[in-house]
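The values are calculated or read from the model by the stated rules, or taken from the named source; none is laboratory data. Because the structure is predicted, anything quoted here is derived from the model rather than measured. Every residue, glycine among them, receives a Cβ derived from its backbone with ideal geometry; neighbour counts consider all protein chains shown.
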Amino acid sequence: MKIMVIGGGGREHAIIKKLKENPAAQEIYALPGNGGIAADATCVDIGAKDLDGIVRFAKETGIDYAVVAPDDPLVLGCVDRLEEIGVPCFGPRKNAAIIEGSKVFSKDLMKKYGIPTAAYEVFTSAEAALAYLETAPMPTVVKADGLALGKGVTVAMTREEARGAVREIMEDRKFGASGERIVIEEYLEGPEVSVLSFTDGTTLIPMISSMDHKRAGDGDTGPNTGGMGTVAPNPYYTEETAKECMERIFLPTIRAMKAEGREFRGCLYFGLMITRDGPKVIEYNCRFGDPETQVVLPLLESDLLTVMQAVTAGKLAECEVKFREAHACCVVLASAGYPGSYGKGYEITIPESVRPNVYVAGAALKDGKTVTSGGRVLGVTAVEKTLPEAVKSAYALAEQVTFENRYYRKDIGARALKALN
Ligand code: AMP
Ligand code: GLY
């Protein structure tokens, strides 16, 4: 079977490694992949947003199945385009990917169907938004409507900060057309939990919960990043909370999407906050999270390709999805300076014994060597019986992967460990 995975980060590397456990996944192509993924798949130099190039390649190569992993191609309609030429896909169509592609859409959906989330207002002009901020309670949260490389959200402690965010999004157009509308919403407090799920639009099976570490520095300080590490499961996600989420959030969401004529098939990601009034939705993503996938998939006991194909066929109800009774920790190794400016082109050394645990995000091949090419370079995941062991192992393995200017947080899992005790 010829499989194509769209994307080129640590998440895609984790998906590819898991798919390869099935002998039917003989040929895997990554578009564009990266210098580390090249060890596990054939990388093809076609960008994830180049839908014409992707369709042409699928036709020429005779691709049997496609996994569209990143938000951009999903929101642009990559799945629709591939289905037109008869390639079955894992991932939502354009009309369902909007659940991530537009914050206004997702907030309105939650309001209409009574799904718990922060109270909000939508604005189409900076003037109206700034007027509203004069009397809005602080802190508040300002969000660009469209995709913004994960940087479209500002949690503003002061009125001045909130005004600054509005101006950047709507006047300076920092995120282009994604800033034509903004959402200003109520500030929520509580631990955050990420829950990825498999859904075929009717059946939804949650994956094991996880915890991201978004800030660059230890103790959750410094600027926001794409994620510096993860642990799974998330200790704040109790059985009782899981039950409540299923009844009040997960199932109502897929039913709402179906009722709107936007059936969602693929991985639906729930960014949740466990508030004093119960769990609330912070955001939906129409895809696997990064670096959540690097701890969730290593704990998946069932065969990923089988589950994905059941999702595509609308037969998830007939499929068993099992997770190991274990804990995983992923430590991201970045280039010092990230998320600001950083150097590139440093050779990466990975001992053979550590390779199975490594998910490469930002590397290139140069003269037969693997060199750094991104801010987040790779993630190292360990799976163990307990969380303390998983954290310890992940750091022991991460220490063995070296490159110049290597930087990583020293406290991945610390908050989860504290919650456990
Ligand atoms: P994002 O960039 O969408 O991944 O999320 C940015 C982060 O902003 C989230 O992980 C939360 O920590 C925070 N956030 C988003 N919405 C709210 C809210 N309503 N209240 C408090 N924090 C929020
Ligand atoms: N880790 C959060 C995301 O993938 O958006």
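With the requirement that a residue be within 10 Å of ligand 1 (Cβ to nearest atom) and not hydrophobic (A, V, I, L, M, F, W, C), what does segment 139-157 give you?
P139, T140, K143, G150, K151, G152, T154
Name, by its number, the condition in (1) more than 19 Å from A416 (Cβ to Cβ); (2) within 15 Å of ligand 1 (Cβ to nearest atom) that does not hold for T312.
Result: T312 passes all but (2).
Which of the residues spanning segment 48-78 are acidic (D, E) and not in a loop (DSSP other than H, G, I, E, B)?
Listed by number, the residues that qualify are D52, E60, D71, D72.
Scan segment 94-112 residue by residue and report those that are touching an Asp or Glu at 6+ places or on another chain (Cβ under 9 Å) and touching a residue at least 40 places away in the same chain (Cβ under 8 Å).
Passing the criteria: N95, A96, A97, E100, G101, S102, K103, V104, S106, K107, L109, K112.
With respect to S178, is the statement that it is at pLDDT below 95 and not charged (D, E, K, R) true?
Working: at pLDDT below 95: yes; not charged (D, E, K, R): yes.
Yes.
Just a yes or no: is a residue in segment 113-126 within 21 Å of I254 (Cβ to Cβ) and surrounded by fewer than 18 Cβ atoms within 10 Å (Cβ to Cβ)?
yes
Just the residues that are part of a loop (DSSP other than H, G, I, E, B) and acidic (D, E), please, taken from segment 202-241.
If the condition is that a residue be part of a loop (DSSP other than H, G, I, E, B) and acidic (D, E), then D218, D220 are the ones that fit.
Taking G219 and the conditions (1) more than 14 Å from ligand 2 (Cβ to nearest atom); (2) within 27 Å of R255 (Cα to Cα); (3) not acidic (D, E), which numbered condition does it fall short on, given that it satisfies the others?
For G219, the failing item is (2).
Limited to segment 163-195, what total is found for residues that are within 16 Å of ligand 2 (Cβ to nearest atom), in a loop (DSSP other than H, G, I, E, B) and touching a Gly at 6+ places or on another chain (Cβ under 8 Å)?
Qualifying residue count for the region: 1.
Kindly indicate whether T349 is farther than 24 Å from G33 by Cβ and either of a type in the set (D, E, K, R) or surrounded by fewer than 17 Cβ atoms within 10 Å (Cβ to Cβ) (or both).
No; evaluated as a whole, the condition is false for this residue.
So which of A336, A363, A394, A390 is surrounded by fewer than 16 Cβ atoms within 10 Å (Cβ to Cβ), within 24 Å of the chain's Cα centre (by Cα) and in contact (Cβ under 8 Å) with a residue 12 or more places away in the chain?
A336
Report the residue count in segment 1-47 for those that are free of Cβ contacts under 8 Å to residues at least 60 places away in the same chain and either assigned to a loop (DSSP other than H, G, I, E, B) or surrounded by fewer than 24 Cβ atoms within 10 Å (Cβ to Cβ) (or both).
So the answer is 17.
Just checking, does segment 271-287 include any residue being outside any loop (DSSP other than H, G, I, E, B), more than 16 Å from ligand 1 (Cβ to nearest atom) and either modelled with pLDDT of 95 or more or more than 24 Å from L420 (Cα to Cα) (or both)?
no
Output the number of the condition that E160 fails; it satisfies all remaining conditions of (1) away from ligand 2 (no atom under 16 Å from the Cβ); (2) in a strand (DSSP E or B); (3) surrounded by fewer than 22 Cβ atoms within 10 Å (Cβ to Cβ).
The one condition E160 does not meet is (2).
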